[in-house]
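Novice: One structure, pasted below without further comment.
Every read-out reported here was derived from the displayed coordinates using simple, explicitly stated rules and does not represent laboratory data. Since the structure is predicted, the reported quantities are computational estimates derived from the model, not experimental observations. Glycine also receives a Cβ, built like all others from the backbone with ideal geometry; neighbour counts cover every protein chain displayed.
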Amino acid sequence: RKYRKELQLRKKCHNELVRLKGNIRVFGRVRPIQAEDGEGPEAVGAVTFDPEDDAILHLMHKGKLVSFELDKVFRPEATQEDVFRDVQALITSCIDGYNVCIFAYGQTGAGKTYTMEGSPENPGINQRALQLLFSEVQSKAPDWNYSITVSVAEIYNEALRDLLGKEPQEKLEIRLCPDGSGQLYVPGLTEFPVHSVEDINQVFEFGHINRATECTYLNEHSSRSHALVMITVRGTECSTGIKTTGKLNLVDLAGSERVGRSGAEGSRLREAQYINKSLSALGDVIYALRSRQSHVPFRNSKLTYLLQDSLSGESKTLMMVQVSPVEKNTSETLCSLKFAERVRSVELGPGTRKA
Ligand code: ADP
């Protein structure tokens, strides 16, 4: 027992070191079994945990026990507060000028939206992050002067849509800033300035309403589109005039289930192809980063192009792999966890060239 404790401590120190190097961290979150999972053998729990190690989970798939090691696993009983406690240091680092990306990955129904958006009574990472950043920058006054802006957008069938615009605009384009800084920007995308806690509530309310108005079936639509909350924190130190800019991208990805293989037709098939395209583009980018290729294909999808700043170089990235706990979903769960393990082995070196 003493040895295991020591081992855990060493692992923790190692993880801290790895963190400093800027690797992609991967957390897992397993949602509770719920009524919608049905009854009978299909709804039986297929995920178990290591009593001594909160980074390991086991999946029973087709009679075999497969184990995965992530950086941390949140069990079904973990609250939104528990999850946020472990991501807040990452979030506040964008005040110091870091680019940060947190994305939720997994099949539809595994809890991505619960983790990122949550509900008004039990908000997820998006709202808590904005609240935390707002209160942190206030505590730095009067030495530092900060401004925070938020954009809310979605990518559906490779079209980028502003969710805070007065009139919904389709097909926004991503461009390089003309100032030669290498930064990206989206002409026409609303940047909503946050001056108060009320502004924060308004941003999410408005974004949510705009997402819902254009579609008849919100749940289906949201499982097939990527939802993005993009926060920019700009600061100036009053005594020196030193300026910092940090970005926080919070992404609720489209469901990762392999719809294309199940005989979908027409618009369903088109949606599935777009989802496959952008999620596999994300995989390709991560693979290129992992194998330290000089060309990283960020521009192969809107999603990866938009996230380029927060996936490469000195940025800090966290993947939250969402896991359904039940037997009937183990094939998809296995795919998600394998993808998560591949992502976890990526190192973001400072020499990563942007394509
Ligand atoms: P996804 O966005 O991946 O499609 P959702 O976030 O919509 O999945 O989650 C599916 C259902 O499970 C929702 O009813 C949600 O409230 C519930 N749920 C997901 N994760 C949790 C959790 N950690 N605790 C309680 N309920 C959860």
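Novice: May I ask for the net charge around I33, where only other residues with Cβ less than 13 Å from the Cβ of I33 are counted and Lys, Arg are +1 while Asp, Glu are -1?
Specialist: Taking every other residue near I33 into account, the sum is -3.
Novice: Then there is this: Provide the net charge surrounding V73, with neighbours chosen by a C-beta distance below 10 Å and charges set as Lys +1, Arg +1, Asp -1, Glu -1.
Specialist: Local charge sum for V73: -2.
Novice: Taking amide H positions as placed in the peptide plane 1.01 Å from N, state which residues far from I24 in sequence (5 or more) or on other chains have amide H under 5 Å from it.
Specialist: V346, L348
Novice: Counting only C-alpha contacts under 8 Å and six or more residues apart, can you give the relative contact order of the chain as a whole percent?
Specialist: 28
Novice: I want the antiparallel fraction of DSSP beta bridges within the chain, as a percent rounded to 5.
Specialist: 65
Novice: Hey, another quick one. Got the relative contact order for region 65-217 handy, in percent, Cα pairs under 8 Å and 6 or more residues apart?
Specialist: 16
Novice: In terms of the ratio Rg/(2.2 N^0.38 Å) built on C-alpha atoms, what value belongs to the chain?
Specialist: The value comes to 0.98.
Novice: Working out 0.36 nm times the residue gap between D143 and D96, then minus their Cα-Cα distance, what length gain in nm do you get to one decimal?
Specialist: 15.5 nm
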